[in-house]
Each structure stands twice: as structure tokens, then as C-alpha cells.
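Accompanying notes for the structure given below.
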Amino acid sequence: MPDVHGVLEANEAISRNQLASRADEIDQARRFPRENLEALGKAGVLGLLIPAQFGGAGGSLADMSRVLGMQGQHCPSTAMVTLMHFCAMSVVAAQGSDSQKQQILPAAARGGHIGTLAFSEAGSGGHFYTPVSEARSNGSSKLLTASKSFVTSAGEADSYVVSTRRAGSSSPTDLNLYFVAKGTKGLSTQGRFEGLGLAGNASAPMSLVDVVVTDDARLGSEGGGFQTMLEVVLPHFQIGVASISLGIATAAFRMITTRVGVRKYEQAGGAALSSIPRVQYLVAEMAVDLNAANAYLNETIRKAMAGDPAAMVDILGVKAKAAEACLGVVSRAMTLGGGWAFGKRGGLERMFRDAQAASVMAPSSDVLKDFIGKACLGLPLF
Ligand SMILES: Cc1cc2nc3c(=O)[nH]c(=O)nc-3n(C[C@H](O)[C@H](O)[C@H](O)COP(=O)(O)OP(=O)(O)OC[C@H]3O[C@@H](n4cnc5c(N)ncnc54)[C@H](O)[C@@H]3O)c2cc1C
């Protein structure tokens, strides 16, 4: 398998060529980007974070951010599917039993197994870390019934990391994570979600009805699910979503700075839009916001990789900051693009829709600020 450097190079080439050329068609058809996943899997990109002993590249959070930022520039739907796969496989690598790791990780490293997270439930909404479903005891196993409200790669993934409360527990964060394979009896996809953006990520509700889960299917110790969410899922998810947001913003910035140079007015003697001071001012604001958010992302990754105890506030903040920067950049780009941007020809309209997802995806920007405010004031988060 390729090393990290090889994976980063392959990801860039596939993103620039294949993801870019299919992005608009995938968005219009609202279809799962299967060929993109196959190309990324074959090149070892889907094994980026899997330890070398299981055939992966053993990459870091910084490598993940580069991969997702590049994919985000070219096809954010594919980037979101890749991110949820990275999150799920990171849970298996960190908390799986030896046999789970042997069974799943080498296949995932080769691109032969795509995973995702099934955390969100209608009953707890964006507060997905406190599921309301419970796994009831059934002799030596448990029966899991849950209504999962949004799952990326629903029906397309080979497996789902599913959260659920411990039966009878009084604490909302006393939960377990289970590995549930595609095709398991009682697991089904419930229609389609039809989101405004990220139309190619196959997001849909899923239901589990009396799905039998044994202790062998649990990822981590009994009751340890919440800790795994905090220590494993949160850094990958937050930094990953931030990277995708800044990928979208980078692409929108590149597109609009080219556009204002070529949009010329006959009535003004052929002067370009870029010659107008207000246009230059908006471009300057976009550049500053994008650079500031990228610097914050890099600093968060540095702190997280160094194990800095102060990293948590930044891990919470970076997704919100990147989402806001992305929305600001893309909105200004839409303004500067005028009718060209408002139509579907240029691709900016898709970026505008894709950009909305990050602040909605839980924890939403508002909920993150609620946490950060409490953390800064020394108040309990839960
Ligand atoms: C494209 C996409 C892909 C997704 N993929 C997955 C996936 O793969 N797996 C998965 O488990 N989930 C996934 N989700 C679900 C996601 O993470 C959220 O759980 C979901 O978006 C929350 O939506 P909701 O409508 O239930 O929010 P609600 O809980 O109804 O929240 C509505 C609004 O209330 C606000 N709000 C709530 N509480 C507070 C508070 N305390 N302070 C301030 N404001 C508050 C929120 O900010 C939000 O704006 C996905 C979502 C999207 C959009």
C-alpha cells in the first residue's frame, strides 16, 4: 500500500481529475459518488488513517485535513462520505477487538469496506451524544431498536457505528457504540433525506428494529461509548468538517477571483469588474477570513496532535469558525458573481448549497458556542 505521501498525491490527482469532473452531475442526479469512492479506495486514500499493521497508511489528523480539504474543493459530497468513513474506521481502530480489527481494517485499507456513523436520533436531534434509544437485554445478547434520523452513506455503507443508551441507565451519556454490518436483520434505510446541499452523500434516516447485538459487536468497554465519541470521533469529525468547509471556500474564492477579471463592461470601455474598489474590498474580506480560518484550523490540528489539554476548546470552535468563514466567502462570491453565479452553469450555486451543511450538522455552530462559553466560564458542559 502507498505511504502517506503517496496517498496525499493520489488524493490530489483523483480530486482534481475525477471528483471535479463528476461533482455537478452527482449533485444534479443526487446520487452516491460510487466511482469516486472506488478510485479513492484503490489508491489507498480510504485507508489513510488505518494503522500500517492493518495495511493502511497510518496517517495523522493533519494528513486527514489535507485529504478532505482537497476533496472539499472539488466534490464536497464525496468529502463528507470520506470523512464519515474515516470517523467510523478510527473508532474501530481505537476500540475494536482484535477480531473486529482483523476482519474490518485490512478490507477498509484496500477500499473494500466503507463505514459511517449512525448517531443522530429524532429524539435528541442535534444533541446526538445523548441518544434516547436503548439496547434491551435478551439473554446473552441485546436487542437494539432505534430511529436514526440522518445517516451519511445510508444503504451504501458496508457497516454502521451505532450509538445507543445502556438499558435502564439514568445518565443520558451512559452509552455504547456497536458495529452493525450492512444486511443485518432489522436494519433498514427509511426513504431519502433530499438535503439542500451535499446531495451526493446518500444521507437518509435509518431504522433498527430488534437488531441483535452481542458483546462482541460492542466497540470499547461497556458504557464507554461517550468517552469514545469525545476522544476519537469529536477531533476527527470537527477537524474534518472544518477542512471540507475551507475546501469549499477556497474553491469559491478561486472561482470568483477569476470571474471578476474576465467579466468586462463594454459601456465602460472594456473595464473588468475587478477594477471597481468595492469589488476589491469584498475580495480582500474573503481573503482575510479564509486565511484566518485556515490558520485557526492549522493551530487546532497542531494542539490536538501534541495532546495539548487546551485543544478541546479549539476542536469545538474550529468547525463553527470554518463554517462561518465558508458561508461568508461563498455569499460574497455569489454577490460578485451576479446572474452568472445565480444560475447553475458556473458551479458556485452548488458550492453555496453545499456550504450550508456544516453549521447545521451537529454539533451545530450555536450548540458549539454554548459548549465553548460554558468551558471558558468553568461551567459543566453536560
Ligand atoms: C448533510 C448531513 C449529513 C449528516 N450525516 C450524519 C451521519 O452520518 N451520522 C449522524 O449520526 N448524523 C448525521 N447528520 C445529522 C447531524 O449531525 C445532526 O444530528 C442533525 O443535523 C441535527 O438536526 P436536527 O434537525 O435534529 O436539529 P435540532 O436538534 O432540531 O436543532 C435545531 C436548531 O436548534 C438549535 N439548538 C438546539 N439546541 C441548542 C442549544 N442548546 N443552544 C443553541 N441552539 C440550539 C440548533 O443549533 C439547530 O440550529 C447529518 C446531517 C446533515 C445535514
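The values are calculated or read from the model by the stated rules, or taken from the named source; none is laboratory data. Please read all numbers here as calculations on a predicted model, not as lab measurements. Cβ coordinates were reconstructed from backbone atoms using ideal geometry, including for glycine residues, and neighbour counts include every protein chain displayed. All accessible areas refer to the heavy atoms of the entire protein, side chains included, with ligands and DNA or RNA removed. Shrake-Rupley method; radii C 1.70, N 1.55, O 1.52, S 1.80 Å.
Here are some conditions: (1) in a loop (DSSP other than H, G, I, E, B); (2) within 15 Å of the ligand (Cβ to nearest atom). Lys185 meets all but one. Which one does it not meet?
The one condition Lys185 does not meet is (2).
Among the residues of the stretch 224-233, is there at least one that is assigned to a loop (DSSP other than H, G, I, E, B), touching a strand residue (DSSP E or B) at 6+ places or on another chain (Cβ under 8 Å) and open to solvent by 50 Å² or more (accessible area, probe 1.4 Å)?
Checking the stretch 224-233: not a single residue is assigned to a loop (DSSP other than H, G, I, E, B), touching a strand residue (DSSP E or B) at 6+ places or on another chain (Cβ under 8 Å) and open to solvent by 50 Å² or more (accessible area, probe 1.4 Å).
Among (1) in contact (Cβ under 8 Å) with a residue 40 or more places away in the chain; (2) within 11 Å of the ligand (Cβ to nearest atom); (3) farther than 30 Å from Arg34 by Cβ, where does Gly123 come up short?
Failed condition: (1).
Scanning the stretch 345-382 for residues that are away from the ligand (no atom under 16 Å from the Cβ) and within 30 Å of Ser149 (Cα to Cα), which turns out most open to solvent (accessible area, probe 1.4 Å)? Full working, then the answer.
Restricting attention to the stretch 345-382, the residues satisfying the condition of being away from the ligand (no atom under 16 Å from the Cβ) are 345-349, 378.
Then keep just the ones that are within 30 Å of Ser149 (Cα to Cα); that gives 347-349.
Values: Gly347: 5, Leu348: 1, Glu349: 29 Å².
Across the stretch 345-382, the extreme among qualifying residues is Glu349.
Taking the criterion of being without any contact (Cβ under 8 Å) to a residue 60 or more places away in the chain and in contact with a Lys or Arg (Cβ under 7 Å, 6 or more places away or on another chain), would at least one residue in the stretch 11-24 satisfy it?
No: the stretch 11-24 contains no residue that is without any contact (Cβ under 8 Å) to a residue 60 or more places away in the chain and in contact with a Lys or Arg (Cβ under 7 Å, 6 or more places away or on another chain).
Within the stretch 132-157, restricting attention to residues that are within 14 Å of the ligand (Cβ to nearest atom) and among the charged types (D, E, K, R), which residue is most open to solvent (accessible area, probe 1.4 Å)?
Checked the stretch 132-157; the qualifying residue most open to solvent (accessible area, probe 1.4 Å) is Glu156.
Does Gln71 satisfy the condition of being in contact with a helix residue (DSSP H, G or I) (Cβ under 7 Å, 6 or more places away or on another chain) and under 20 Å from Ser153 (Cβ atoms)?
Details: in contact with a helix residue (DSSP H, G or I) (Cβ under 7 Å, 6 or more places away or on another chain): yes; under 20 Å from Ser153 (Cβ atoms): yes.
When the stated conditions are applied, Gln71 passes them.
If you scan the stretch 250-276, which residues turn out to be outside any helix (DSSP H, G or I), in contact with a strand residue (DSSP E or B) (Cβ under 8 Å, 6 or more places away or on another chain) and surrounded by fewer than 11 Cβ atoms within 10 Å (Cβ to Cβ)? Give the steps one after another, and end with the answer.
Let us first name the residues in the stretch 250-276 that are outside any helix (DSSP H, G or I), namely 263-265, 269-272, 276.
Keeping just the survivors that are in contact with a strand residue (DSSP E or B) (Cβ under 8 Å, 6 or more places away or on another chain) gives 263-265, 270-272.
Listed by number, the list holds a single entry, Gly270.
Keeping to the stretch 309-324, report how many residues are of a type outside the set (A, V, I, L, M) and either at positive phi or surrounded by fewer than 21 Cβ atoms within 10 Å (Cβ to Cβ) (or both). It would help to see each step written out before you state the result.
Pass one, the stretch 309-324, residues of a type outside the set (A, V, I, L, M): 309, 314, 317, 319, 321, 324.
Then keep just the ones that are either at positive phi or surrounded by fewer than 21 Cβ atoms within 10 Å (Cβ to Cβ) (or both); that gives 309, 317, 324.
Qualifying residue count for the region: 3.
Small (Gly, Ala, Ser) and at positive phi - does that describe any residue in the stretch 330-348? Explain how you work it out, then say what you get.
Within the stretch 330-348, the first condition is being small (Gly, Ala, Ser), and the residues that meet it are 331, 333, 337-339, 341, 343, 346-347.
Then drop every residue that is not at positive phi, which leaves 338, 347.
Yes, that holds for at least one residue.
Suppose we filter Gly240, Gly247 for residues that are buried (at least 22 other Cβ atoms within 10 Å of the Cβ), touching a Ser or Thr at 6+ places or on another chain (Cβ under 8 Å) and part of a helix (DSSP H, G or I); which single one remains? Outline the logic, then answer.
Details: Gly247 fails: touching a Ser or Thr at 6+ places or on another chain (Cβ under 8 Å).
That would be Gly240, the only listed residue that is buried (at least 22 other Cβ atoms within 10 Å of the Cβ), touching a Ser or Thr at 6+ places or on another chain (Cβ under 8 Å) and part of a helix (DSSP H, G or I).
Being open to solvent by 50 Å² or more (accessible area, probe 1.4 Å) and closer than 16 Å to Gly247 by Cβ is the filter here; which residues of the stretch 277-291 pass it?
Asp289, Asn291
For the stretch 202-210, state whether one or more residues are surrounded by 18 or more Cβ atoms within 10 Å (Cβ to Cβ), at pLDDT below 90 and under 30 Å from Met312 (Cβ atoms). Explain how you work it out, then say what you get.
Filtering the stretch 202-210 down to residues surrounded by 18 or more Cβ atoms within 10 Å (Cβ to Cβ) leaves 202-206, 208.
From the residues that got through so far, the ones that are at pLDDT below 90 too are none.
The answer is no; no qualifying residue exists.
Among the residues of the stretch 330-342, are any hydroxyl-bearing (Ser, Thr, Tyr) and within 11 Å of the ligand (Cβ to nearest atom)?
Let us first name the residues in the stretch 330-342 that are hydroxyl-bearing (Ser, Thr, Tyr), namely 331, 335.
From what is left, the residues that are within 11 Å of the ligand (Cβ to nearest atom) are none.
There is no residue in the stretch 330-342 that is hydroxyl-bearing (Ser, Thr, Tyr) and within 11 Å of the ligand (Cβ to nearest atom).
Taking the condition within 30 Å of Gly343 (Cβ to Cβ), surrounded by 17 or more Cβ atoms within 10 Å (Cβ to Cβ) and more than 19 Å from the chain's Cα centre (by Cα), does Gln28 pass? Can you show your working first?
Values: within 30 Å of Gly343 (Cβ to Cβ): yes; surrounded by 17 or more Cβ atoms within 10 Å (Cβ to Cβ): no; more than 19 Å from the chain's Cα centre (by Cα): yes.
No, not satisfied.
Scan the stretch 98-112 and give yes if some residue there is within 17 Å of the chain's Cα centre (by Cα) and either open to solvent by less than 10 Å² (accessible area, probe 1.4 Å) or among the aromatic types (Phe, Trp, Tyr) (or both), otherwise no. Quick ask: steps written out before the conclusion?
Here is the first cut: in the stretch 98-112, the ones within 17 Å of the chain's Cα centre (by Cα) are none.
No: zero hits.
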